[in-house]
Amino acid sequence: MLIDVVFTTNPGIEDLASEEIEAKLEANIVEQRTGKGRVIASVPPRNLDLIETLRSIHRARILLYRGEICGSKECLNTLRDTIRKSQITRYVNPHLPFAIRAERVGSHDYSSLDIARVAGDAVIEAIRDLYGERPPVDLDYPSVIVVVDVIDNELYVSIELGGDLSWHRRGYRIYDHPAALKPTLAYALLRLSGAEDGDTILDPMCGGGTVAIEAAYLFESSNIICMDKNPRHIEGAKLNAKAALVYPRIKFLVGDATRLSRYVSRVDVIVSNPPYGIRMGSPWEVRKVYNKFLEEATTLVSKSITLITTEHVVVKESLRKNGWRIVEDRVVAHGNLHPHIIVGSR
Ligand SMILES: C[S@@+](CC[C@H](N)C(=O)[O-])C[C@H]1O[C@@H](n2cnc3c(N)ncnc32)[C@H](O)[C@@H]1O
């Protein structure tokens, strides 16, 4: 028997998440909600443990129910019945403290607090019917988290597999770079770059080292270089790499990406999250940096240049001018910004 799991990911990289889920979990993709950051897959139970090895997902939840729900207050009765009839009693019992986490997107006559209240009552009623006792509620440290999402006219009821913390927030962020990239997006950049194990991979504006660390997880025998002009960020990146247990795999350099040829000779791919310019004050300044950096990079890179940036127009123009073919241009969500991932190939 297969178990349906809802995975959440960064909006814009659902296809890469689906590929990774299929390959690592031997799962069948049931649905990919492009732009919504959701993938539903049927997973063999023996592979549920492997979910924590996925680099492209934020959360994973066992799906108990997915169906329609309307927006009027009376429809909260549908929610109550649905939860009572679901397989909730497999996961909650009178000895396990549980919590409801409710999310609502769209326009409804009820709030997410209403959803949480009705869902909580329904779980208690279902357990009391079966055991004659009610389960304890613990909103701070629950053993079981029941997630109820109402997204427009869709209702999802699921059980959180990884606790309250999203997978991408775990682990190695000892040094918090002020403009850090989500590790799931770093994974996406590396996948889209076409880099292969054994390639020399350079992030010349590496900040806290997210791309370099993800590269070390992904490729066992690649040379990986993490460079930034700010020595403080390089010290931070070293701390993060130590926490990620990949420190010996990465070479760290303090250097200026606009003078790249002073620091590195040939590399196969550049994968980077350059500054978006918001912190540099003037868009002209940041564009100058991009143009100079891409001109230098062209003389050193053999395969591809992959950048995530809001300055996509400048990047595409500069890549083309330097003889690169644009093979990927996609928009992703990153916080409240919508940068593009651009890949230039030889
Ligand atoms: C958006 S941040 C990178 C964040 C990084 N991806 C992370 O997850 O921590 C951009 C970085 O580019 C660096 N930078 C800006 N101009 C540079 C230049 N000319 N040469 C090298 N690094 C530069 C900044 O110091 C900053 O750390």
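Give the shape of the stretch 17-98 as rounded, prolate or oblate, defined through the alpha-carbon gyration tensor: a ≥ b ≥ c are the square roots of its eigenvalues, a/c under 1.5 means rounded, and otherwise the shape is prolate if a/b is larger than b/c and oblate if not.
Since a/c reaches 1.5 but b/c is at least a/b, the shape of the stretch 17-98 is classed as oblate.
Just add up the charged neighbours of Gly35: K/R +1, D/E -1, any other residue whose Cβ is under 12 Å from the Cβ of Gly35.
+2
From the protein chains alone at 1.4 Å, what is the descending order of accessible area for His95, His233, largest first?
His95, His233
How large is Rg over Rh for the stretch 3-168, taking Rg from the Cα atoms and Rh as the Kirkwood inverse mean of 1/r across Cα pairs?
When Rh is taken as the Kirkwood radius, the ratio is 0.97.
Take the alpha-carbon positions of the chain, form their convex hull, and give its projected area averaged over all directions (one quarter of the hull surface) in nm².
18.8
Between His177, Val289, Gln87, whose Cα lies farthest towards the positive end of the dipole of the chain when Lys and Arg beta carbons carry +1 and Asp and Glu beta carbons carry -1, centred on the Cα centre?
Checking the options against the dipole of the chain, the answer is Val289.
Using a simple spin-label model with points 7 Å from Cα along the Cα→Cβ vector, what separation in nm is obtained for Asn28 and Arg262?
5.9
Which lysines have a Cα lying under 22 Å from the Cα of Lys316, excluding residues fewer than 8 positions away in the same chain?
Qualifying lysines at Cα under 22 Å: Lys288, Lys292, Lys303.
Points 7 angstrom from Cα along the Cβ direction at Glu103 and Glu125: gap in nanometres?
2.6
Between Thr78 and Glu220, what length in nm is gained on full extension when 0.36 nm per residue of separation is reduced by their alpha carbon distance?
Roughly 46.1 nm would be gained on extension.
Enumerate the amide H contacts of Glu154 below 5 Å, restricted to partners 5 or more residues apart or on another chain; note that Pro and chain-start residues carry no placed amide H.
Amide H neighbours of Glu154, under 5 Å, 5+ apart: Ile69.
List the DSSP H helices in the chain whose Cα atoms stretch 20 Å or more along the helix axis and whose mean Kyte-Doolittle hydropathy is at least -0.5.
Both cut-offs are met by 112-131.
Per DSSP H run of at least 4 residues, take -39500 (n - 2.57); add these up for the chain, divide by its residues and hand me the 222 nm value, nearest 500 deg cm²/dmol.
Result for the chain, helices only: -9000 deg cm²/dmol.
Calculate log10 I(q)/I(0) of the stretch 94-199 for q = 0.17, 0.20, 0.23 Å⁻¹, where I(q) comes from the Debye formula with a single equal point scatterer on each Cα and nothing for solvent.
Normalising to I(0) and taking log10 leaves -0.92, -1.06, -1.19.
Which far-off residues, 5 or more places away or on another chain, put their amide H under 5 Å from the one on Arg38, with H placed in the peptide plane?
Under 5 Å from the amide H of Arg38: Thr9, Arg33.
With θ taken as phi - 60° and the coefficients 6.51, -1.76 and 1.60, list the Karplus ³J(HN,Hα) couplings across the stretch 134-148 in order, rounded to whole Hz; mark glycine and proline as x.
9, x, x, 9, 9, 6, 8, 10, x, 7, 10, 10, 9, 9, 10
For the chain, what relative contact order do you get, as a whole percent, if you take Cα pairs closer than 8 Å and at least 6 residues apart?
13
Between their Cα atoms, which of Lys182/Lys238; Lys36/Lys242; Lys238/Lys321 are more than 24 Å away from each other?
Going by Cα-Cα distance, Lys36/Lys242; Lys238/Lys321 fall outside the 24 Å limit.
Over the stretch 53-144, what is the relative contact order in whole percent, taking alpha-carbon pairs under 8 Å and six or more residues apart?
In percent, rounded to a whole number, it is 35.
Return the distance in nm (one decimal) between the two label points of a simple spin-label model at Glu317 and Glu235, each offset 7 Å from Cα along Cα→Cβ.
Going by the 7 Å Cα→Cβ label model, 3.9 nm.
With 14 Å as the cut-off, how large is the P(r) tail for the stretch 275-346, expressed as percent of Cα-Cα pairs?
Tail of the P(r) past 14 Å holds 57 percent of the pairs.
So how long is each side of the stretch 177-255 along the principal axes, counting just the alpha-carbon atoms, biggest first, in Å?
Projected onto the principal axes, the Cα atoms of the stretch 177-255 cover 30, 23, 22 Å.
To check you understand DSSP bridge types, tell me what percent of the beta bridges within the chain (both residues inside) are antiparallel, rounded to 5.
Looking only at bridges with both residues in the chain, the antiparallel portion is about 60 percent.
For Val147, what residues show an amide H to amide H distance below 5 Å, using hydrogens built from the backbone and excluding near sequence neighbours?
Distant-sequence amide H within range of Val147: Arg101, Ser158, Ile159, Glu160.
To the nearest 20 Debye, how big is the dipole of the chain about its Cα centre, given +1 on the beta carbon of each Lys and Arg and -1 on that of each Asp and Glu?
1120
Note down the relative contact order for the stretch 3-168 as a percent, whole number, built from C-alpha pairs under 8 angstrom at least six residues apart.
25
For the stretch 171-345, what class follows from the C-alpha gyration tensor (a ≥ b ≥ c being the square roots of its eigenvalues): rounded when a/c is under 1.5, otherwise prolate if a/b is larger than b/c, else oblate?
Here the stretch 171-345 falls in the rounded category.
The values are calculated or read from the model by the stated rules, or taken from the named source; none is laboratory data. What you see is a predicted model; the values in this text were computed from it and never measured. Glycine gets a Cβ as well: all are built from the backbone with ideal geometry, and neighbour counts include every protein chain shown. Side chains included, ligands, DNA and RNA excluded: accessible areas come from the protein's heavy atoms. Shrake-Rupley method; radii C 1.70, N 1.55, O 1.52, S 1.80 Å.
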